[in-house]
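Here's the structure we're looking at; comments come further down.
Derivation of every value follows stated rules applied to the coordinates shown; laboratory data play no part. Here the structure is a predicted model, which means the values were calculated and not measured. Using ideal geometry, Cβ is built from the backbone for each residue, glycine included, and neighbour counts are taken over all protein chains shown.
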Amino acid sequence: MSKVLSSDSSEKNDGVAAVDRALVIATSLANSGSALTLTELSLRTGMYKSTLLRLLSSLEKAGLVVHRNDKRYALGPLAFVFGRAFEQTNGLQDAIHPQLVWLVNQGTESPSFHVRNDDEHRLCLMRIDSNHSTLDRIRPGDLLPIDRGAAGKVLTSFGQGLPAKTLNAQDLLFTSFGERDPLCGAIAAPVFGPSASLVGALSVSGPLERFSELAVSRMKSLMLKAAQEATQNLGGKWPLVG
């Protein structure tokens, strides 16, 4: 005999589905890079316009979405509040940003900091351009594939946290040459938090032509220093390096 859901269970399921759809809308707006029309949102989310209008109305009231005068939808001020709260709660800005500045001052390629977004993507949280005239194109908020690039290798390799065994310096450094972008190279190292949990990946990236053997060796040394300092700033324990 099939089980009939109670009205309470049905309402809970409807509520969860509505939250899931609202998050899909907010994520679509965040990833678009520009405001979207209702038609564009419908194509991106796969939702009917009637469903979108109902959910957008609730998101507007909360301040997570704004409906502009040009009839397009964009993220609202609540998204900024969430972003600031994330930074303050995790202490990332104070712990990571000084290391990005330090790396630039040492003459490295452009440094950035990445975290896992989902099983397929990593998210660039911070980025500072290097002092070089030609740069790669990465900006805070960019979603990048987690299965390609030096930072992606860090996030997948240390996803379960820091292993108990003693590591060599090379175990903490990852490189990529032309993987995500055929014209770009990158070097990345992990940043750990309390309880040896992985916080994210610190990386430097730029045109592949500037990743000579000498430059890579120098930047690897600088990356280890920056990642260790960031880890200690977050109250994490840097691994023993054999």
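Hey, what number do you get for the chain at 222 nm if only DSSP H runs of n ≥ 4 count, each worth -39500 (n - 2.57), divided across all residues, to the nearest 500? Intermediate values should be presented prior to the final figure.
Working: 7 runs with 105 residues, N = 242.
The per-residue figure over the chain is -14000 deg cm²/dmol.
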Self-check item: Rounded to 10°, Cα long-axis angle of helix 49-62 versus longest principal axis of the chain
Solution: 70 degrees
Quiz item: If you count, for each residue, the other Cβ atoms within 10 Å and average over each peptide, how do 38-45, 181-188, 104-111 line up from highest to lowest?
Solution: 181-188, 104-111, 38-45
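Rounded to the nearest angstrom and ordered from largest down, what semi-axes does the equivalent ellipsoid of region 7-79 get from its C-alpha gyration tensor (root of 5λ)?
Details: eigenvalues 97, 33, 22 Å².
So the equivalent ellipsoid measures 22, 13, 11 Å along its semi-axes.
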Quiz item: Can you give the extra length, in nm with one decimal, that the chain gains between residue 84 and residue 68 once fully stretched, where that is 0.36 nm per residue apart less the Cα-Cα distance?
Solution: 3.4 nm
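Write out the trypsin sites (Lys or Arg not before Pro) in region 152-242 meeting two conditions: DSSP loop, and at most 11 other Cβ atoms within 10 Å of their Cβ. Before the final figure, lay out each step's value.
On the way: sites: 153, 165, 180, 210, 218, 220, 225, 237; in loops: 165, 180, 237.
The qualifying sites are 165.
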Quiz item: Mean 1/r over all different Cα pairs, inverted: what Kirkwood radius does the chain give, in Å?
Solution: 20.0 Å
Exercise. Name the residues whose placed amide hydrogens come within less than 5 Å of the amide hydrogen of residue 125, ignoring near sequence neighbours (fewer than 5 apart) on the same chain.
Key: 113, 114, 115, 141
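Just how large is the dipole of region 143-242 about the Cα centre, in debye to the nearest 20, putting +1 at every Lys and Arg Cβ and -1 at every Asp and Glu Cβ? Don't jump to the answer; show the numbers that get you there.
Working: 9 positive and 7 negative charges, 41 e Å.
It comes to approximately 200 debye.
Residues with beta-carbon under 15 Å from that of residue 162, excluding residue 162: net charge, scoring Lys, Arg +1 and Asp, Glu -1? Before the final figure, lay out each step's value.
Numbers: positive: 165, 237; negative: 171.
Taking every other residue near residue 162 into account, the sum is +1.
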Practice problem: Quick one: compute a quarter of the convex hull surface over the Cα atoms of region 91-233 and quote it in nm². | Solution: 7.8 nm²
Self-check item: Cα long-axis angle, helix 92-105 against the chain (0 to 90 degrees, to the nearest 10)
Solution: 40 degrees
Self-check item: Length released on extending from residue 209 to residue 133, taking residue separation times 0.36 nm less the Cα-Cα span
Solution: 26.1 nm
Quiz item: Where is the GNM fluctuation largest for the chain (alpha-carbon springs, 10 angstrom cutoff): 22, 189, 95?
Solution: 22
Quiz prompt | Cα long-axis angle, helix 77-90 against the chain (0 to 90 degrees, to the nearest 10) | solution = 40 degrees
Quiz item: Between region 24-49 and region 76-118, how many Å separate their Cα centres?
Solution: 26 Å
Exercise. Considering the options 111, 59, 121, tell which one lies farthest towards the positive end of the dipole of region 53-133, charges being +1 on Lys and Arg and -1 on Asp and Glu at the Cβ, about the Cα centre.
Key: 59
Self-check item: Alpha-carbon Rg with Dmax, taken over region 77-150, Å
Solution: 13.3, 37
Exercise. Sticking with the crude label model, points 7 Å out along Cα→Cβ, report the distance from residue 197 to residue 58 in nm, one decimal please.
Key: 2.8 nm
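When DSSP beta bridges are limited to those with both residues in the chain, what percentage is antiparallel, rounded to the nearest 5?
On the way: 30 of 31 bridges.
If we restrict to bridges inside the chain, about 95 percent are antiparallel.
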